Amino acid sequence: MKPEEVARIKAGHVFESSRTAPPNAFPQLPDIPGGRYVDPKFWELEKKNLWKKSWVYAIHSDEVPEKGSFVKWERLGEPLFFFRGEDEKVRCFYNTCRHRGAPVVTEDKGQARGVSCKYHGWTYNWKGELINLRDKRDFVGLDMSCRSLIEVRCENIGNWYFVNLDANAEPLMDYLGPVGQGLLELKSETMRLVDKQAIEVKCNVKVLLDAFLETYHLKSIHQNTVDRFLDHRGTFITLWDKGHSRMVTPFKRDGWVDPGTKGLKEIEGIDPYYVSTNYSLNAYPNLVTPLAPAGVPFLLFWPGEIDTMTVEVHWFAPDWGPGPRPEVWDMRLTNFVKILDEDLQFADEIQKSVESSGFEGMPLSYQERRIYHWHEELDRRIGQENLPEDQRVKFMLKDYIENSLDVSDEAAKQPA
Ligand code: FES
Ligand SMILES: [Fe+2]
């Protein structure tokens with residue numbers, strides 16, 4: 001990150017800590033309508049226009065380590081798998097045979113030169129091309145070249161692979177904008193996958209996502225954990241185009257170092273500023289990355305049905321060399337899940353509330369404005385003309401949106 005950007009954030013912390021009210025002219029935000037969390041019609045629009053049309057993080061390169069490695073992936077509710085080809089490129093396909101739809105990959109992960117459907121044996125190579133089928137003589141006019149596996153958009157930032165179900169989506173880096181530049185600066189090509197966990201939660205995906213877009217809750221639910229070292233009153237927020245945002249929370253004591261990271265290698269060449277605060281990006285819609293000196297966690301929020309979701313935590317860290325990961329990670333991961341449990345503790349109760357007549361909407365404060373920003377973007381995606389008036393959010397934040405991030409010149413270069 002450029003020194004000017006660091007200076008701007010630091011000044012932001014000072015400003016935020018010392019203010020006695022929101023800055024001049026910051027508007028009163030209308031309540032977020034409760035129906036957005038429970039109305040089945042809204043949910044259908046959200047799935048169609050948001051989840052099936054967004055770039056989302058899916059896998060790390062280590063999950064398909066060699067030519068021929070494949071791994072199933074179904075977080076968006078559609079049957080997909082990633083496959084590393086003979087050319088080393090990672091592709092993503094529908095796990096859907098072009099004959100009658102049986103899966104071409106049945107194990108969760110594995111190694112293969114190509115894939116062969118278990119139903120009638122149609123066989124595809126690593127490019128997804130149909131190369132063989134039994135009793136071809138019986139198919140009249142079948143053009144094999146038109147029956148390749150259907151490929152899904154898949155692009156990467158270093159070792160991090162993203163997918164988008166929308167074939168017409170803009171390129172990943174264009175979509176991510178400043179967040180993409182920020183992720184690029186973390187040099188994921190130097191990092192390995194440390195751990196990956198998933199927790200199912202009984203609430204609408206937005207109920208839990210909301211909790212990771214603000215630090216207002218620190219003093220209540222994280223009193224004995226993160227509130228001990230994070231100063232939420234100094235939180236500095238940046239809203240970016242397309243729903244993305246950043247939240248930087250200073251430590252209570254300058255130079256504080258997480259004791260849980262002792263003995264771990266730091267991310268090579270990372271700007272020290274990133275790790276002298278809690279620096280968290282939100283790549284819209286569902287990736288949150290609260291950076292740590294010895295690694296990067298990706299928190300991912302996946303919709304299930306209207307009232308269920310899964311939160312995933314993936315950790316990445318600098319290569320620790322041969323052998324298993326350093327033992328200190330076990331404690332670190334356990335502690336992180338403890339903090340996550342604090343965030344999860346009210347999720348299903350909140351879901352019951354939003355489904356009840358006792359809930360009408362949510363008034364959000366200045367420091368919760370990332371949640372409002374998130375919802376504004378959802379309305380831009382759905383198109384407000386498709387929503388009943390009482391479920392829309394009024395566009396209030398357009399004057400507060402920026403469009404760039406001042407990263408280092410080196411990081412600003414797009415990946416080849
Ligand atoms: S469904 Fe795959 S070969 Fe028939
Ligand atoms: Fe939290």
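Would you check which residues across the range 241-266 are in contact with a Lys or Arg (Cβ under 7 Å, 6 or more places away or on another chain) and of a type outside the set (S, T, N, Q) and list them? Listed by number, the residues that qualify are Met247, Gly260. Residues that are more than 16 Å from ligand 2 (Cβ to nearest atom), outside any loop (DSSP other than H, G, I, E, B) and buried (at least 20 other Cβ atoms within 10 Å of the Cβ) are absent from the range 17-31 altogether. Within the option set Ile350, Ile371, being away from ligand 1 (no atom under 16 Å from the Cβ), in contact with a Cys (Cβ under 9 Å, 6 or more places away or on another chain) and within 30 Å of Leu291 (Cβ to Cβ) holds for one residue only, Ile350. Looking only at the range 221-237, residues that are touching a residue at least 40 places away in the same chain (Cβ under 8 Å), part of a helix (DSSP H, G or I) and of a type outside the set (Gly, Ala, Ser) come to 4 in all. Of Cys97, Cys92, all but one fail to be within 16 Å of ligand 1 (Cβ to nearest atom) and either crowded, with 20+ Cβ neighbours inside 10 Å or under 21 Å from His244 (Cα atoms) (or both); the exception is Cys97. Looking only at residues of the range 201-237 that are buried (at least 17 other Cβ atoms within 10 Å of the Cβ) and small (Gly, Ala, Ser), we find that the one that is nearest to ligand 2 (Cβ to nearest atom) is Ala211. Within the range 285-310, if we keep just the residues that are assigned to a loop (DSSP other than H, G, I, E, B) and closer than 16 Å to Trp160 by Cα, the residue that is farthest from the chain's Cα centre (by Cα) turns out to be Leu291.
Taking the options Gly34, Gly77, Gly12, name whichever one is touching a helix residue (DSSP H, G or I) at 6+ places or on another chain (Cβ under 9 Å), at positive phi and touching a residue at least 60 places away in the same chain (Cβ under 8 Å). Outline the logic, then answer.
Working: Gly34 fails: at positive phi; Gly12 fails: at positive phi.
None of the other options fit; the residue is Gly77.
Only one of the numbered conditions (1) within 13 Å of ligand 2 (Cβ to nearest atom); (2) in contact with a strand residue (DSSP E or B) (Cβ under 6 Å, 6 or more places away or on another chain); (3) at pLDDT 95 or above is violated by Phe298, and that is (1). For Gly110, are the conditions met, namely being in contact with a Phe, Trp or Tyr (Cβ under 8 Å, 6 or more places away or on another chain) and either surrounded by fewer than 14 Cβ atoms within 10 Å (Cβ to Cβ) or not hydroxyl-bearing (Ser, Thr, Tyr) (or both)? Yes: the conditions hold for Gly110.
Okay, residues lined up against (1) in a helix (DSSP H, G or I); (2) free of Cβ contacts under 8 Å to residues at least 40 places away in the same chain; (3) among the aromatic types (Phe, Trp, Tyr):
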position	(1), (2), (3)
Val194	no, no, no
Gln197	no, no, no
Glu200	no, no, no
Lys206	yes, no, no
Thr215	no, no, no
Lys219	yes, yes, no
Leu239	no, no, no
Lys242	yes, no, no
Trp256	no, yes, yes
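Number of residues in the range 321-348 that are away from ligand 2 (no atom under 16 Å from the Cβ), exposed (fewer than 15 other Cβ atoms within 10 Å of the Cβ) and not charged (D, E, K, R): the value is 7. Within the range 1-35, which residues are touching a strand residue (DSSP E or B) at 6+ places or on another chain (Cβ under 9 Å) and closer than 30 Å to Gly383 by Cα? Answer for the range 1-35, where residues must be touching a strand residue (DSSP E or B) at 6+ places or on another chain (Cβ under 9 Å) and closer than 30 Å to Gly383 by Cα: Pro30, Asp31, Ile32, Pro33, Gly34, Gly35.
The values are calculated or read from the model by the stated rules, or taken from the named source; none is laboratory data. All figures in this text were calculated on a predicted structure; none of them were measured in a lab. Reconstructed Cβ throughout: ideal geometry from the backbone, glycine too, with neighbour counts over all protein chains shown.
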